[in-house]
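The values are calculated or read from the model by the stated rules, or taken from the named source; none is laboratory data. Quick caveat: nothing in here was measured; it's all calculated off a predicted structure. A quick note on method: Cβ atoms are made from the backbone with ideal geometry, for glycine too, and the neighbour counts reach across all protein chains shown. Ligands, DNA and RNA are excluded from the accessible area calculation, which covers all protein heavy atoms including side chains. Shrake-Rupley method; radii C 1.70, N 1.55, O 1.52, S 1.80 Å.
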Amino acid sequence: MDKELFDYTAQKVDELLAASSSSEGTIKAARAWKDAVAGGLDDVALEAQTKQLLDALDEHHTTIDEVISFAEGPARELLGEEVASQLLSHQQERKAEGARYCDCAACTAAQELLARHGRPVL
């Protein structure tokens, strides 16, 4: 992996770890990548660890309909009525504009990382 792609990947991993919306699985995969890199990897091991990270992210595409369902249900209790209503309104507007996936910080970082590695979310 060239330095530019490595630096980009490291930046997105940091974004995934910092995002309050990251799932437990995303955090685990991002932490594993970061820990492995900190330990020093040769090129083959780095590629394998990066593939594991990307595979984990590939399994967690939150669709716009899933976000809307969350906003209509559990978000009301977890986030409060006002925040859930704002979330619902925002996501319904995005869906009407053709959006297909969640735009939270974690999903955005994951989608950008996947795309940069040649795995765009379709």
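Under 17 Å from a point 7 Å along the Cα-to-Cβ line of HIS61: which residues of segment 79-122 have their amide N that close? Backbone N within reach: 95, 98-104, 106-122. The convex hull built on the alpha-carbon positions of the chain has an orientation-averaged projected area of 7.7 nm². Three semi-axes describe the equivalent ellipsoid of segment 78-122; taken as square roots of 5 times the Cα gyration tensor eigenvalues and ordered largest first, they are 25, 13, 5 Å. Near VAL83, once Lys and Arg are set to +1 and Asp and Glu to -1 for all other residues with Cβ below 12 Å from its Cβ, the sum equals -2.
I'd like the FRET efficiency for GLU24 and GLN86, computed as 1/(1 + (r/R0)^6) with the beta carbon distance as r and R0 of 41 Å, rounded to 0.05. For R0 = 41 Å, the calculated efficiency reads 0.95.
With all protein chains in place and a 1.4 Å probe, the accessible surface of the chain carries 52 percent carbon and sulfur. Can you show me the helix-derived [θ] at 222 nm for the chain, built from DSSP H runs with n ≥ 4 at -39,500 (n - 2.57) apiece and divided by the number of residues, rounded to the nearest 500. It comes out at -23500 deg cm²/dmol, rounded to the nearest 500.
If r is the Cβ-Cβ distance from ARG31 to MET1 and R0 is 22 Å, what FRET efficiency results, to the nearest 0.05? Here the calculated transfer efficiency is 0.70. Across the chain, Cα pairs under 8 Å and at least six residues apart give a relative contact order of 32 percent.
Paramagnetic label reach from LEU78 (point 7 Å along Cα→Cβ; backbone nitrogen cut-off under 11 Å): within segment 88-114, no residues.
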